[in-house]
């Protein structure tokens, strides 16, 4: 069995599901409902703040997951997520070459907004990670292809900056064409459009007991040269990998002591210095409870946890399934977008003061 890496503060009892509360002041809204515009399937949302705007995006398919067509679409907000623009297309197979685009991650840096999207030839048959950038006009249609940044790589989290100046983008990769991306990985680059080095967290792609990770979706927390990677694990709770050299080399996997369920997670560091992770807590029903845990400022262990979404929402008229979160801090609020039933892009807005412990 792997060694255990403690994530939860030992002196704080972990709360039962029935004792979880919502953060004070949390608000919920729907960014986009699928089904009214020829695309009934919607999944894997992403969000970013750029030049005072919020951009939210997802991948759409006509009926089912990565079948028939898969393109990246999104909307933008100028009022902190209260209202949203018309739908825009970020990446699509306009020439009908059989390319599927899924999923998307954003990076806003140096006044430019980038979108990183994997290309596939079929369900999870990843070919490469492609970059797009928002053109100088900023119009809804002004997304420009910017080339391939990494082969066989599927991005799961927005890039973050490590202590050595490198950008780190968590994801998963395939060993070769036509194989599934079952290897947790982190791509590293000096510049947004440079050549990204893909570093495998599991060099041989298998766990110490010989099993593989079917969907090893990965997210990061980077503090100085220390980087923690959380990896989805279909065999139990999420696994942890550790780096002390800004993501160049990794140790793990480690088991951990929090109920990080078998679904994609989102993690990072808030402006307060607190670590956070958004994840599915196992509960009655399938992905029926989405939660956020935080640490105290400048402490590594998580010590408080709240509900983000739970059960069916009559106010939103969607649920009870909530999954695949993406988060960004902007203007005193933590914005979290996530999927409901693989049909709707939903957003929670949490005041930052509600997450202080």
Points 7 angstrom from Cα along the Cβ direction at residue 357 and residue 191: gap in nanometres?
4.2
Starting from the Cα of residue 85, step 7 Å toward the Cβ, then list every residue of segment 320-348 with an amide N under 19 Å from that point.
328, 330-331, 337, 345-347
Checking the a/c ratio against 1.5 first, then a/b against b/c, what shape does the Cα gyration tensor give for segment 28-74?
prolate
Taking square-rooted eigenvalues a ≥ b ≥ c of the alpha carbon gyration tensor, is segment 229-303 rounded, prolate or oblate, where a/c under 1.5 means rounded and, failing that, a/b exceeding b/c means prolate?
oblate
Mind jotting down the distance between the C-alpha centroids of segment 178-206 and segment 236-283, whole Å?
17
Zone of residue 136 (label point 7 Å along Cα→Cβ, backbone N under 17 Å): which residues in segment 90-112?
110-112
Within a 10 angstrom radius of the beta carbon, how do 270, 355 rank from fewest other beta carbons to most?
270, 355
So for R0 = 30 Å, FRET eff. of residue 21-residue 78 from the Cβ-Cβ r, to 0.05, ends up at 0.40
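Go ahead and run the numbers for FRET between residue 299 and residue 207, Cβ-Cβ distance against an R0 of 22 Å, rounding to 0.05. Walk me through the numbers before you get to the answer.
On the way: r = 29 Å, r/R0 = 1.34.
Using R0 = 22 Å, I get an efficiency of 0.15.
Between residue 224 and residue 96, take the C-beta separation as r, use R0 = 41 Å, and let me know the FRET efficiency to the nearest 0.05.
On the way: r = 47 Å, r/R0 = 1.16.
Using R0 = 41 Å, I get an efficiency of 0.30.
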I need the shape label for segment 149-286. Rule: rounded when a/c is under 1.5, else prolate if a/b > b/c, else oblate, with a, b, c from the alpha carbon gyration tensor.
oblate
Which option, [x] 16.6; [y] 17.5; [z] 56.8, is the value of mean projected area of the Cα convex hull in nm² that was calculated from these coordinates?
[x]
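Arrange 61, 266 by Cβ neighbour counts within 10 Å, fewest through most, would you? Show your work: numbers first, answer last.
Working: 61 21, 266 28.
In order of increasing Cβ crowding within 10 Å: 61, 266.
At a 10 Å Cβ-Cβ cut-off, how would you order 217, 65, 51, fewest neighbours first?
Details: 217 27, 65 15, 51 11.
Going from sparsest to densest Cβ surroundings: 51, 65, 217.
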Label-to-label distance, nm, for residues given as residue 144 and residue 28 (7 Å Cα→Cβ offset):
4.1
So how much slack lies between residue 163 and residue 234, counting 0.36 nm per residue of separation and subtracting their Cα-Cα distance, in nm?
22.4 nm
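Of all DSSP beta bridges in segment 4-352, what percent run antiparallel (nearest 5)?
Values: 108 of 111 bridges.
Bridges in segment 4-352 that DSSP calls antiparallel: roughly 95 percent.
Just so you know, all these numbers are worked out from the coordinates, no wet-lab data involved. Note that the structure is a prediction, hence the values are computed from the model and not measured. Backbone-built Cβ (ideal geometry, glycine too); neighbour counts: all protein chains shown.
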